[in-house]
Amino acid sequence: KLKNKKIVLYFGSLSLTSGHAVDLLLKSFIIVKKKIKNSVLLLVGGGEDFDLLREYVKKTNINSVIFTGRVDKEEISNYIKLANVSIDPVYDNLANKCRFPLKILESMAVGTPVITGDVGDRKLIIENEKTGLIVKPGDEKELAQGIIKILMNKNLAKKISRLSPKSIRKYDWSKLTNNLNK
């Protein structure tokens, strides 16, 4: 069912109280869907708000949202590789300022373009429009514009896909531990 679709991916906890702004992503996807008819939002993961988010999708009649539920951690990279863009939706709050988002590194490692908000250390990880996109946190319209930009601009998506795996080599455990020993 995903052939010839533009796949927008979120993977992680579907828990709104823990700083994961899946509600923001759903609001953004409504805007994306109006512009890119063949887009699909793939939500991979489970959590305390799984049913609440599914009800929201039904109530707002958002087309093309797929909830996979929890998957084995070994399968996550397959979902990331399948996606055209991976989203780390965030609000500007203390939880997100203090979190180091591994989902960003995981997406960058396989060359899937990432979009996240300008919160905490995210700008240290992503160089805007080179290794991903940084948008205003908590802004559904700006997040939607970022998603549309990646899905519509093949050259930008290819550039990010090429540069992002190289840019995260500095986060390799062997390099990090070596730096600590100095």
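The values are calculated or read from the model by the stated rules, or taken from the named source; none is laboratory data. What you see is a predicted model, and the numbers here were worked out from it, not measured in a lab. Cβ atoms come from the backbone with ideal geometry, glycine included; neighbour counts cover every protein chain shown. To get the accessible areas, we keep the full protein, side chains included, count just its heavy atoms, and leave off ligands, DNA and RNA. Shrake-Rupley method; radii C 1.70, N 1.55, O 1.52, S 1.80 Å.
With respect to Gly69, is the statement that it is loosely packed, with under 14 Cβ neighbours inside 10 Å and at positive phi true? Yes, satisfied.
Criterion first (modelled with pLDDT of 95 or more, open to solvent by 10 Å² or more (accessible area, probe 1.4 Å) and touching a Leu at 6+ places or on another chain (Cβ under 8 Å)) does Phe29 satisfy it?
Details: modelled with pLDDT of 95 or more: yes; open to solvent by 10 Å² or more (accessible area, probe 1.4 Å): no; touching a Leu at 6+ places or on another chain (Cβ under 8 Å): yes.
No.
Of the set (1) free of Cβ contacts under 8 Å to residues at least 40 places away in the same chain; (2) closer than 23 Å to Gly19 by Cβ, all apply to Lys130 but (2).
Count of region 44-103 residues, restricted to those that are farther than 15 Å from Val22 by Cβ and of a type in the set (Ser, Thr, Tyr), is 3. Checking each residue in region 6-30 for being assigned to a strand (DSSP E or B) and within 21 Å of Lys136 (Cα to Cα) picks out Val8, Leu9, Tyr10, Phe11.
Tallying residues that are closer than 16 Å to Ser164 by Cβ, basic (Lys, Arg) and surrounded by fewer than 16 Cβ atoms within 10 Å (Cβ to Cβ) within region 107-151 yields 2. Taking region 96-126 as the range and being at positive phi and either at pLDDT below 95 or under 11 Å from the mean Cα position of the chain (by Cα) (or both) as the test, only Gly120 passes.
Restricting the first member to region 31-59 and to residues that are within 22 Å of Ile150 (Cβ to Cβ) and β-branched (Val, Ile, Thr), and the second to residues that are modelled with pLDDT under 95 and open to solvent by 100 Å² or more (accessible area, probe 1.4 Å), the beta-carbon pairs closer than 9 Å and six or more apart or on different chains are Val40/Lys1. Only residues in region 136-162 that are at pLDDT below 95 count as the first member; pair them with residues that are open to solvent by 30 Å² or more (accessible area, probe 1.4 Å) and aliphatic (A, V, I, L, M), Cβ under 9 angstrom, at least 6 apart or cross-chain, and list the lot. Partner pairs satisfying both residue conditions: none exist. Residues in region 78-94 that are among the charged types (D, E, K, R) and either closer than 16 Å to Leu151 by Cβ or modelled with pLDDT of 95 or more (or both): Lys81, Asp88.
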